[in-house]
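Remarks on the structure that follows.
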Amino acid sequence: MQAFEYVSAKSVGEAVGVLSQHGEGARLMAGGTDVLVQLRAGRRPQVKVLVDVKGIGELNELSYNDRQGLIIGAAVPCYRIYEDPTVIKRYPGIVDSASIIGSVQIQGRASLGGNICNATPSADGIPPLIALGAVCIIAGPNNSRRELPLEQLFAGPGRTTLQNGEMLISVRVPPPPANSGAQYLRFTPRNEMDIAVAGVGAAITLNAAKNTFVSGRVVLAAVAPIPLLVPAAGQALAGKPVNDETIGKAAEAAVAAAVPITDMRGTIEYRKHLVGVLTRRALQGAIQRAKGV
Amino acid sequence: MADKVRVQSTINEETVDFLCEPRQSLLETLRDVLGMTGTKEGCNDGNCGACTVIIDGRMVTSCLVLGVEASGKKIETIEGVSQPDHLHPIQQAFLEGAALQCGICTPGFIMASKALLQVEPKPSEERIRLWLAGNLCRCTGYDKIVRSVQSAATKMSGERR
């Protein structure tokens, strides 16, 4: 691996300071399961300083309250998320993704914050968070903070809209509304340890009678340059009865929005087909969860 | 080249002091700095699980951990698994069940199996297969490994009773 300086940051200010000073020459590390692979493969030759953020308290926060919802610190590893009783109870859609990223070994290290900032279109961790309305808490120089809806963070494959000196602190996921549910599904040739050919995260809210959609959000993985929120799918659901026809229309909207490429994992046609199937299934799964079945 | 960093860590219940470069993985540090060559390098990018060790009770691939991150951590490697006069029940079960041929993946499988049985003493076959999905073996076809883990689980829960 290329030589670099290692800094174990103890505060957000320290990490932001290193980022501001070194620009592209500094890279943050939480679990390291992406960045260490990239460094070893020579894919980040500009990195001279690696900033370990696991020692920053705020980035290790995993907490819930009924007012602001769930806070997932950017360095919290997957296993803490999927073993957390509150996350299991209130956010099973997040458990879906956190428990299928890499192997159990990888889940012992990898964070959803890292999954987000690595910004691959196929990231499993991102679609359910966007579907659930997650907001990024971002720190920058001079103790500045800003918030950004997660779907606006992505600029392209491996690229985010974070500016020089900025870092992700946490994501905040709103409290789940009554009669709501979410699910993430992906298709991979192997059941585990594989990268999504396509993935779909769906979150829906039903009316009190649970026979009509109040709202819905559908987010696609691995079929666009970025994790893709499909507003048209949400529009196809809102105010419509819970039945196969409505679900089918939302799936059609998702297929229409998908702009996949053909590569070693699948063709354009295959991926678009998968988006339809997975959208229907993820919506049905989300409905089951909303109904408490 | 960046300066070497002094690291103090607990490895197999012994306090260990060593120097490593920031760019050295824990795997490289164990093998090349500390001479503990039981932990194997397979893919060196987190896919094969041959370098699995347990850090603070969690199994990880040591190729994706930096040596400097071991500071203050409690690390378990394959060298700490057996007792001087007898093998660990998982090792014994692998031996009796012929769960290894070339042996390169074996330390990783033993560590991963140990991590599993620490949290789930009687896992189902499906659970064992899922848990071990991050460990690749190109010799055995996995059946013998899975059966050996089941056999070790039975033996270990019998010992605890």
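Tabulated data for the structure shown
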item: Loop-resident sites, the range A:41-118, for GluC sites (Glu not before Pro), counting at most 16 other Cβ within 10 Å (DSSP); result: A:61, A:83
item: Scattering profile of the range B:5-80 at q = 0.12 Å⁻¹ [log10 I(q)/I(0), Debye over alpha-carbon scatterers]; result: -0.25
item: Whole-angstrom gap from the range B:102-119 to the range A:126-152, using each part's C-alpha centre; result: 39
item: Per-bin percent of Cα-Cα distances, the protein assembly as shown [10 Å]; result: 4, 20, 28, 25, 16, 6, 1, 0
item: Taking chain A and dividing mean pair separation by its residue count, relative contact order in percent (alpha carbons under 8 Å, at least six apart); result: 16
item: Max mean-square fluctuation residue, GNM over chain A, Cα-Cα springs under 10 Å, options A:250, A:98, A:208; result: A:208
item: Relative contact order of chain B, defined on C-alpha pairs under 8 angstrom at six or more residues apart (%); result: 23
item: Rounded tilt (10° steps) of A:244-257 against the dominant C-alpha axis of chain A; result: 40
item: Crossing angle, helix A:268-290 versus chain A [Cα axis fit, 0-90 degrees, rounded to tens]; result: 80
item: For the range B:89-156: relative contact order, % (alpha-carbon pairs under 8 angstrom, 6 or more apart); result: 55
item: For the range A:164-232 versus the range B:120-135, the gap between their alpha-carbon centres in whole angstrom; result: 28
item: Solvent exposure ordering (accessible area, 1.4 Å, most first) of A:281, A:67, A:27; result: A:67, A:281, A:27
item: Helix-only [θ]222 nm of chain A, DSSP H runs n ≥ 4, -39500 (n - 2.57) each, per residue, nearest 500; result: -9000 deg cm²/dmol
item: Projected-area average for chain B over all orientations - Cα convex hull basis, square nanometres; result: 9.4
item: Per-q log10 I(q)/I(0), the range B:89-156, q = 0.22 Å⁻¹ (Debye; single scatterer per alpha-carbon; no solvent); result: -0.83
item: Cross-link partners of residue A:210 among lysines (Cα-Cα below 20 Å; sequence separation of 8 or more within a chain); result: A:89, A:240, A:249, A:291
item: Overall form of the range A:161-293 per C-alpha gyration tensor (a/c, 1.5; a/b vs b/c); result: oblate
item: Loop-resident sites, the range B:3-33, for GluC sites (Glu not before Pro), counting at most 14 other Cβ within 10 Å (DSSP); result: B:13
item: Heavy-atom accessible area ranking, 1.4 Å probe, most first, across B:23, A:90; result: A:90, B:23
item: Cα centroid separation, the range A:45-123 to the range A:245-288 (Å); result: 26
item: Sparsely packed GluC sites (Glu not before Pro) within the range A:236-286, loop by DSSP, other Cβ within 10 Å at most 12; result: none
item: Paramagnetic reach from residue A:83 (point 7 Å along Cα→Cβ, amide N under 15 Å) across the range B:52-80; result: B:54-61, B:74
item: Accessible area in the full protein assembly, largest first, 1.4 Å probe, for A:261, B:90; result: A:261, B:90
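The values are calculated or read from the model by the stated rules, or taken from the named source; none is laboratory data. Being a predicted model, the structure only gives us computed values, none of them experimental. No Cβ is skipped: glycine too gets one built from the backbone with ideal geometry, and neighbour counts run over all protein chains shown. All accessible areas refer to the heavy atoms of the entire protein, side chains included, with ligands and DNA or RNA removed. Shrake-Rupley method; radii C 1.70, N 1.55, O 1.52, S 1.80 Å.
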